[in-house]
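The next block holds one structure in the form of structure tokens; read it before the comments.
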Amino acid sequence: MTRRKDKSGVYRDFFPLVLLGAMVLWFAYELVWEGKVPLFRDLGPYFYPIRWSLAESLRAGELPLWDRHMAAGFPLLADFQSATFYPIHLVFLVMPFFPAISFIFLFHYLTAATGSYLLCRHWGYPSYLSMAGAVLFTFGGIVVSLTNLLNHFQTAVWLPWLALFAERYLYSCRWRDFLGFTLVLLLQFLAGSPELYIMSMALIVLGILMAKARSPELGSWKKIALVLLGGNALVLALAMVQIAPTIELFLHSRRTQAIPYSEAMDWSLNPADLLNFFFLDKEIDTTVSRGMRLFLSSRASFFISYYLGALSLFGVCFWALYSSTKERTITLALVVSTLVLAFGAYTPIYPFLLRSFPLLGLVRFPEKFLFLIYGILWFISLRGLFAFFEAEAHQQRRASVALLSIPLVFVLLYIVLRERTDLVSQFIHLRTNSALLSHPTIKSAAALLVSIERQVLLTLGIALLLFAVKKRRGRSILLRSLLVAVVFIDLERAHRDYQYLLDPGFIYEGPRVISHLENDPSRVFYYPAGETLHPFEYSVLALPSFEGAISLVFSNLLPNSGVIHGFDYFQEIDALSRRPYVSFLLFADRADPETRFRLLGTLNVKHLISFRPLPGLGITLVRHFPQYPSWLYRIDRVVPRVYVVPNTSVEKNPMKVLQRMSSPGFDPLKEIILEKPVSRPPAKDLRSEVSISEYANQHVVIRASLDNEGILVLTDSFYPGWRVYVDGEEQEILRANLFFRAVALSQGDHLVEFRYEPVSFKIGLAGTLVTFFGLLVFIIKRKYFGQSGRRFA
């Protein structure tokens, strides 16, 4: 990196930034003008329900500490992926939900474009190359692929801004630049992806070390340590209000133990997929359920596309020609090391590392490490292009060979495969396990050849433009503009459809298997066709289009899509699933259907939704929906949301509790299983009346009348932070039936209030406020009693 010397060009950057904004609007015009939103993978069943709950809490004027609809009640704020304190989410206060979602995506595209452009200008690159770099970063495959993982997308786009402010501080040593770095770091941290936050810091460290090696004037190691350690420490202190509840959830989740090996290795990078960095190996096809046609694999990768654009291939080759041997060696070693992590199950090294360092399993899905390689490739491709344009005439011979070789390779590849199309079909057959002469194989082979034709034309055009710009033949501005335009067209055509934009109107207006909420609150449960009751995926007997498949999710109220309509769920699909739910899966997955139905009834689950007919006693078919097709069942014996029992038993072992709850002789309306004995056992003979008079996320009010002593049970999650008040006096809250909250009541009429008042949030808030006001005092002191803007080192 070379620091940008000329500061007089600030106004000259205005027009390129406007053009970049126009490119973003064109790329996402359906978001802006047609009201569409991305709807792929986890957005519908996971991210949008979480954001909906967040928006509803903000509009109600309350902190989104708890959501009563998901997972029998879930600590929403503690879920890091909810990004509760991310400032951009304040847009939910002033805009309807889905227009606000469109704004959030548009904002982050603009953040990526402006940040990467300004970073390139800071490195001393000319405007046209900086624009090309911004296009490569913003519309490249990794960033666009992350639109279906909203927390990762929001985090990734801050990487260029982070690098910009880090370097600005290291060159200036000014306090305001350190604050700018810390602010961007805080925004990235609060965006919701701790994995990409850590990887971004790794890229920043790498970039600073490389800059330090080339520019000794960059600063001392003390300054480097200050900006990295000091900035992160300050961010952690400011974000304690988010961190403390998340730690609490983590300690009560399955993640305190090693996750299953199969899950830790899932979405490992297939080495053959690396071709996708410079070559399109799939196409969007919304006529099929998964929304894409894969040429060379049978399963979509975690990052749907790695494609970085044809220009980056030239840049990487130029970098390899012009960089020093030391730089090439170090960079290639880093890339290979990162690839070992990303390959996961495809290499014996990663399993060894996972066994030796269990914390590595917290990342989950090794392919995420590809984000590091994406950042490195983006950086070295720009360095290579800059070196090519700045190189002297006597250094051009090898570069000219590269200019000719890259298009020539694609031309020769196309000629060979065009003559031997059987080789293409055989390769696809081996990679996808599809029939050799089947229609999908033949169609994929034809599409693959078209993709190669595309790269032939692109590489030829880019090679000619690079040569013309280098030799300054023709009008320089026109040639440079054409180069940027070709780069944008390449990535826009390649990735616009990867946003999977749909009109969300069907979410509100479309039919649902349960048309309205019933008077008695109960839960919906999606019953998968596989061996586990956890909703990893779904399969249907029909073959819907992509839009039909997404509509099917909302029509059948799959978890947690019905939260938008107020439906309640028991299944817990968050990555930090709490331990009681994990115990439930371990037990229920081995149980027969009839046992499962009895157990679900004790958990306030009333409706079962399945894409297959369900066998067994204890359920009644409500309706069959042949258009999906799906089946709606009602469990015959279901406990209400709140009730009073006369008998108790004590058991701490979760599996024994679940076994008892699902046994034929267990009557959940007469007996409750507690974690510890109560001081006053309830009476054996009891009559009671109980009703919910107020039911909010963080506050539940219940009126109960008992003719003897009993245990009141609320079938909502037992979790630290909940307190119970009986007639205004705080009582001990009990864990009942492994999952739920209960309280002992005496004879008579009572007003029972459950309130969510988490200590973890209060501790975190105190830490955040102390840090914030301490920082504010320090800033004011420096401004009015010190030297404003003085060097800080």
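The values are calculated or read from the model by the stated rules, or taken from the named source; none is laboratory data. What you are looking at is a predicted structure, and each value in this text was computed from that prediction instead of being measured. Because the Cβ atoms are built from the backbone with ideal geometry, glycine has one as well, and the counts that use them run over all protein chains shown. SASA here: full protein model, heavy atoms, side chains in, ligands and nucleic acids out. Shrake-Rupley method; radii C 1.70, N 1.55, O 1.52, S 1.80 Å.
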Would you confirm whether or not region 107-116 contains a residue that is farther than 26 Å from residue 374 by Cβ, open to solvent by less than 10 Å² (accessible area, probe 1.4 Å) and without any contact (Cβ under 8 Å) to a residue 60 or more places away in the chain?
no
Within region 420-447, restricting to residues that are closer than 12 Å to residue 294 by Cα and charged (D, E, K, R), the one that is modelled with the lowest pLDDT is 431
Collect the residues in region 462-482 that are at pLDDT 90 or above and either touching a Ser or Thr at 6+ places or on another chain (Cβ under 7 Å) or open to solvent by less than 30 Å² (accessible area, probe 1.4 Å) (or both), keeping them in residue-number order.
462, 463, 465, 466
Of all the residues that make up region 714-747, how many are open to solvent by 20 Å² or more (accessible area, probe 1.4 Å) and not in a loop (DSSP other than H, G, I, E, B)?
7
Hits in region 650-662 (condition: crowded, with 21+ Cβ neighbours inside 10 Å and hydrophobic (A, V, I, L, M, F, W, C)):
657, 658, 661
Just to be sure I understand the filter: pairs with C-beta atoms under 8 Å, separated by 6 or more residues or on different chains, first member in region 125-139 and under 14 Å from residue 112 (Cβ atoms) and at pLDDT 95 or above, second member open to solvent by 10 Å² or more (accessible area, probe 1.4 Å) and among the basic types (Lys, Arg). Which pairs pass?
130/121
Residue that is within 18 Å of residue 107 (Cβ to Cβ) and of a type in the set (Gly, Ala, Ser), where the choices are 163, 156, 132
156
Might you check whether a residue that is open to solvent by less than 10 Å² (accessible area, probe 1.4 Å), part of a helix (DSSP H, G or I) and in contact with a strand residue (DSSP E or B) (Cβ under 8 Å, 6 or more places away or on another chain) occurs anywhere in region 512-531?
no
Please indicate, with yes or no, whether at least one residue in region 483-506 is in contact (Cβ under 8 Å) with a residue 24 or more places away in the chain, assigned to a loop (DSSP other than H, G, I, E, B), surrounded by 13 or more Cβ atoms within 10 Å (Cβ to Cβ) and touching a Gly at 6+ places or on another chain (Cβ under 7 Å).
yes
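Rundown of residues vs (1) open to solvent by less than 30 Å² (accessible area, probe 1.4 Å); (2) in contact with a Gly (Cβ under 7 Å, 6 or more places away or on another chain); (3) in a helix (DSSP H, G or I), yes/no style:
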position	(1), (2), (3)
591	yes, no, no
594	no, yes, yes
633	yes, no, no
638	no, yes, no
648	no, no, no
664	no, no, no
Applying the selection to region 631-661, what residues are within 37 Å of the chain's Cα centre (by Cα) and under 19 Å from residue 742 (Cβ atoms)?
638, 639, 640, 641, 642, 652, 653, 654, 656, 657, 658, 661
Checking the condition open to solvent by less than 50 Å² (accessible area, probe 1.4 Å), under 20 Å from the mean Cα position of the chain (by Cα) and within 16 Å of residue 147 (Cβ to Cβ), which residue from 83, 55, 78 passes?
83
Being touching a helix residue (DSSP H, G or I) at 6+ places or on another chain (Cβ under 8 Å), buried (at least 19 other Cβ atoms within 10 Å of the Cβ) and without any contact (Cβ under 8 Å) to a residue 60 or more places away in the chain, is that true of even one residue in region 248-263?
no
With (1) of a type outside the set (Val, Ile, Thr); (2) under 31 Å from the mean Cα position of the chain (by Cα); (3) at pLDDT 95 or above; (4) not in a strand (DSSP E or B) as the list, and residue 628 as the residue in question, which single condition is left unmet?
(3)
Counting only residues that are surrounded by 14 or more Cβ atoms within 10 Å (Cβ to Cβ) and either among the basic types (Lys, Arg) or assigned to a helix (DSSP H, G or I) (or both), how many does region 342-352 have?
7
Hey, can you tell me all the residues within region 58-75 that are open to solvent by less than 10 Å² (accessible area, probe 1.4 Å) and more than 14 Å from residue 575 (Cα to Cα)?
64, 66, 67, 72, 73
If you check every pair at least six apart or on different chains, which have Cβ atoms under 6 Å apart with a residue in region 191-207 that is closer than 23 Å to residue 50 by Cβ first and a residue that is outside any helix (DSSP H, G or I) and open to solvent by less than 10 Å² (accessible area, probe 1.4 Å) second?
191/83; 191/86; 192/83
